[in-house]
1. Of all residues in the stretch 58-99, count the ones that are without any contact (Cβ under 8 Å) to a residue 24 or more places away in the chain, open to solvent by 50 Å² or more (accessible area, probe 1.4 Å) and not in a loop (DSSP other than H, G, I, E, B).
2. For Ala18, which of the numbered conditions (1) assigned to a helix (DSSP H, G or I); (2) away from ligand 1 (no atom under 16 Å from the Cβ); (3) open to solvent by 50 Å² or more (accessible area, probe 1.4 Å) fails to hold?
3. Does the stretch 61-83 contain any residue that is more than 17 Å from the chain's Cα centre (by Cα) and over 20 Å from Thr121 (Cα atoms)?
4. Quick test for you: out of Ser122, Ser55, pick the one residue that is of a type outside the set (Phe, Trp, Tyr), assigned to a helix (DSSP H, G or I) and open to solvent by 20 Å² or more (accessible area, probe 1.4 Å).
5. As an exercise: evaluate Asn49 against (1) surrounded by 14 or more Cβ atoms within 10 Å (Cβ to Cβ); (2) closer than 24 Å to Glu126 by Cα and give the number of the one condition it does not meet.
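The values are calculated or read from the model by the stated rules, or taken from the named source; none is laboratory data. If you're wondering where the values come from, they're calculated on a predicted model, not measured in any experiment. Note: ideal-geometry Cβ built from the backbone for every residue, glycine included; neighbour counts use all protein chains shown. Heads up: the accessible areas ignore ligands, DNA and RNA and are worked out on the full protein's heavy atoms, side chains in. Shrake-Rupley method; radii C 1.70, N 1.55, O 1.52, S 1.80 Å.
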Amino acid sequence: MHSSAPMSPGTYLARRRAAAGLEVEDVALRIETTPYPMNLRDRVAWLRNIEQDVSPLTISTAVALQQLYPFDGEVLIQLCVCVDNPAKPPPAICRVCACTQHDACRNGDMTCGWAEDDLCTSCAEEPRFATAHQCAPADAAGQAAV
Ligand SMILES: [Zn+2]
Ligand SMILES: [Zn+2]
């Protein structure tokens, strides 16, 4: 298994949801379109299954999710293609927040760039993500110009 296996479509959605500061429960409360009528508990279970790539994601669900938190529909499609075709190069996605070129993090007028192939600058500068993912922040060195 190659170390840079593409992110799964479900993981992509989960990372984007978390980056928007939402819990699965928040999404379950707000989502307007479900494949069939569901109570809240079933909605939570259904959304978790989608994020774990257990339940299929329909286009209408993807559209409903996109009204709740931002993600790039094109990237989602490309990731689905990668599942079926491992030879296909995956799109560039931040491994922490899952932002992409067309769906960048914003800080005022600034948008993030790439600190590494799969790490955006806003996550690279965010110590709480660095600790959560056990990559030590580059302290001292390179911080003088702030
Ligand atoms: Zn990021
Ligand atoms: Zn970013």
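1. 6
2. So the condition that Ala18 fails would be (2).
3. Residues of the stretch 61-83 that are more than 17 Å from the chain's Cα centre (by Cα), as a first pass: none.
Checking the stretch 61-83: not a single residue is more than 17 Å from the chain's Cα centre (by Cα) and over 20 Å from Thr121 (Cα atoms).
4. Exactly one of Ser122, Ser55 is of a type outside the set (Phe, Trp, Tyr), assigned to a helix (DSSP H, G or I) and open to solvent by 20 Å² or more (accessible area, probe 1.4 Å), namely Ser122.
5. (2)
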